[in-house]
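Heads up, the thing below is written out as structure tokens.
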Amino acid sequence: MTALARPTHGRMIGGVCAALARRFGTSATTMRVIFVLSCLLPGPQFLLYIALWILLPSEDKAARQAW
């Protein structure tokens, strides 16, 4: 598994679904469909997305911090 960081390429809005897809070894499209379908259910999915968008570092920032 790779480190959890929002990619700079291949992201649509915040890169959260792309980061999760890369982490769990699935396609970003599959992760996006799962997220959209989960938003139809009651719960804090959208708030979780925003929190991950804020908390997950961008890939370029994570690479700079690793040095």
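Taken over the stretch 31-53, residues that are open to solvent by less than 90 Å² (accessible area, probe 1.4 Å) and either in contact with a helix residue (DSSP H, G or I) (Cβ under 7 Å, 6 or more places away or on another chain) or within 16 Å of Ala5 (Cα to Cα) (or both) amount to 10. Annotation note: Cβ proximity below 7 Å between a residue of the stretch 24-38 that is within 13 Å of Gly10 (Cβ to Cβ) and a residue that is open to solvent by less than 80 Å² (accessible area, probe 1.4 Å) and hydrophobic (A, V, I, L, M, F, W, C) (sequence gap 6+ or interchain) occurs for Ser27/Ala21; Ala28/Cys17; Ala28/Ala18; Ala28/Ala21; Met31/Cys17; Met31/Leu20; Met31/Ala21; Arg32/Cys17.
The values are calculated or read from the model by the stated rules, or taken from the named source; none is laboratory data. Keep in mind that this is a model prediction, so the values were computed, not measured. So basically every Cβ, Gly included, is an ideal-geometry build from the backbone, and we count neighbours across all protein chains shown. Accessible surface is based on the protein model in full, side chains and every heavy atom, while ligands, DNA and RNA are left aside. Shrake-Rupley method; radii C 1.70, N 1.55, O 1.52, S 1.80 Å.
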